[in-house]
Amino acid sequence: INTIMAFSKIFKPKENYHLERFGRENDGGYLINPLVILKAENLVSIGIFDDWSFEKHFIKHNDKAKISCYDNLISFKFIFIRSLKKLILDLIKFKFKNIFKYIYLILDYLIISNKINFTKKTINKNHIKKILVNLQNVLLKVDIEGSEYLVLEDIIEVQKKLNGLIIEFHDVGKNKNIIENFITRFELELSHIHPNNYGELDENNDPNIIELSFERHPVKVEGDIKFPHDLDQKNNLLKPEITIKFEEQN
């Protein structure tokens, strides 16, 4: 049983860092320093489903980098069939609000595929090492719904190649020690933490899903660290924002 009643100081960024929001409003947006994006030669996104808003926003700031997305479902067929099913269901129910959204998603996938390399692949142990074998200056983004624990050792092994990492952790309540160990061993600096309110709270009322940003050279700014950050947004608009509690300093 987890006896920790709050997050340890390891989960708290050491300083107030310069952050900007990339990706769409609410779920799918992340906070990171724009310099990380400008300096990246590669963006590797592991787990994408049907939201490439972060990757599109990245391109606006850096159109020179190579962008590769890996997901166990992604393909034109998946996006087309899924959007078509939703469209037909909405038409049957006389709901017309989202029709253009589904059509747009199909067209957007076709257009953005010229700039983003989508690969249908289930990511497992050793895959990240293989993907990054010839790459340098990588911004790595990981959102694989609980499988992130399989790739943490890989990330440690390739950390010299990374200038930034955005990672979502699930089932945090029972994996706090594993995450703490990762943060301690990872040479990039934790620059941001945000609870994802799609996840339930654990028995200590702590968030069960958290989004972490790491940077090689975070830029300090004046002022105290605030949680939530001014640029943070609720992932799920229908649920209250989760406040993160940190253990008091000894």
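Things to note:
- Number of the condition not met by Leu188 [criteria: (1) under 29 Å from Ile67 (Cα atoms); (2) at pLDDT below 95; (3) in contact with a helix residue (DSSP H, G or I) (Cβ under 8 Å, 6 or more places away or on another chain)]: (2)
- Tallying residues that are farther than 14 Å from His18 by Cα, out of contact with any Phe, Trp or Tyr (no Cβ under 7 Å at 6 or more places or on another chain) and assigned to a loop (DSSP other than H, G, I, E, B) within the stretch 194-226 yields 10.
- Residues (in a helix (DSSP H, G or I) and either more than 30 Å from Leu38 (Cβ to Cβ) or touching a helix residue (DSSP H, G or I) at 6+ places or on another chain (Cβ under 7 Å) (or both)) located in the stretch 96-109: Ile99, Phe100, Lys101, Tyr102, Ile103, Leu105, Ile106, Tyr109
- Pairs with Cβ under 6 Å, 6+ apart, first in the stretch 70-96 and under 26 Å from Ile128 (Cβ atoms), second charged (D, E, K, R) and open to solvent by 80 Å² or more (accessible area, probe 1.4 Å): Ile74/Lys120; Ser75/Lys120
- The listed residue being over 30 Å from Lys64 (Cβ atoms), more than 16 Å from the chain's Cα centre (by Cα) and not charged (D, E, K, R), out of Asn177, Asn137, Asn197: Asn177
- Condition check for Phe182 on (1) surrounded by fewer than 19 Cβ atoms within 10 Å (Cβ to Cβ); (2) part of a helix (DSSP H, G or I): one failure, at (1).
- Reported count of residues in the stretch 138-170, each being of a type outside the set (Val, Ile, Thr), more than 21 Å from Phe22 (Cβ to Cβ) and either free of Cβ contacts under 8 Å to residues at least 12 places away in the same chain or surrounded by fewer than 16 Cβ atoms within 10 Å (Cβ to Cβ) (or both), is 6.
The values are calculated or read from the model by the stated rules, or taken from the named source; none is laboratory data. Treat the numbers as computed from the prediction; the structure is a model and nothing was measured. Virtual Cβ from ideal backbone geometry, glycine too; neighbours counted across all protein chains shown. The area values use the complete protein model at the heavy-atom level, side chains included, leaving out ligands, DNA and RNA. Shrake-Rupley method; radii C 1.70, N 1.55, O 1.52, S 1.80 Å.
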